[in-house]
C-alpha cells in the first residue's frame with residue numbers, strides 16, 4: 001500500500017471514529033421511542049409471563065423469576081399502563097385472589 005492510500009485510510013478511520021463517538025455520546029431526544037422514562041405508570045398484568053420470567057410473588061413461590069409455568073394466570077409482569085388489555089390473555093386481576 002502506498003503512503004497516499006495509507007493516509008486516506010487513516011483519515012477515513014479517524015473521521016468514522018469521531019462521528020461514532022459523537023453519536024453515542026449525544027443524549028436521546030425527549031420522547032424518543034414514545035417512552036416517558038420515570039413518569040410512565042406501570043401496572044401488573046397477569047397471565048402473560050414466560051416461564052421463570054414473572055416479576056414478583058405468586059401462589060406457590062415468593063420471589064420474582066420462580067414461576068415455572070408460562071402464562072400463569074396468577075403471575076404478573078409489570079407493563080406500561082393500558083397495555084395489558086391489548087395482550088392476548090392479559091388481565092389486570094389474578095385468577096386466584098388468595
>> Pull out all pairs, ordered by first then second residue, where Cβ-Cβ is under 6 Å, the residues are six or more apart or on different chains, the first lies in the stretch 53-64 and is closer than 13 Å to residue 77 by Cβ, and the second is at pLDDT below 80.
In response: 64/56
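Each row is one residue, and each column tells you yes or no for (1) part of a loop (DSSP other than H, G, I, E, B); (2) modelled with pLDDT of 85 or more.
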residue	(1), (2)
38	no, no
45	no, yes
48	yes, yes
51	yes, yes
56	yes, no
63	yes, no
66	yes, no
72	yes, yes
78	no, yes
>> Against the condition at pLDDT 90 or above, surrounded by 10 or more Cβ atoms within 10 Å (Cβ to Cβ) and at positive phi, how does residue 90 come out, does it pass?
In response: no
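The values are calculated or read from the model by the stated rules, or taken from the named source; none is laboratory data. What you see is a predicted model; the values in this text were computed from it and never measured. So basically every Cβ, Gly included, is an ideal-geometry build from the backbone, and we count neighbours across all protein chains shown.
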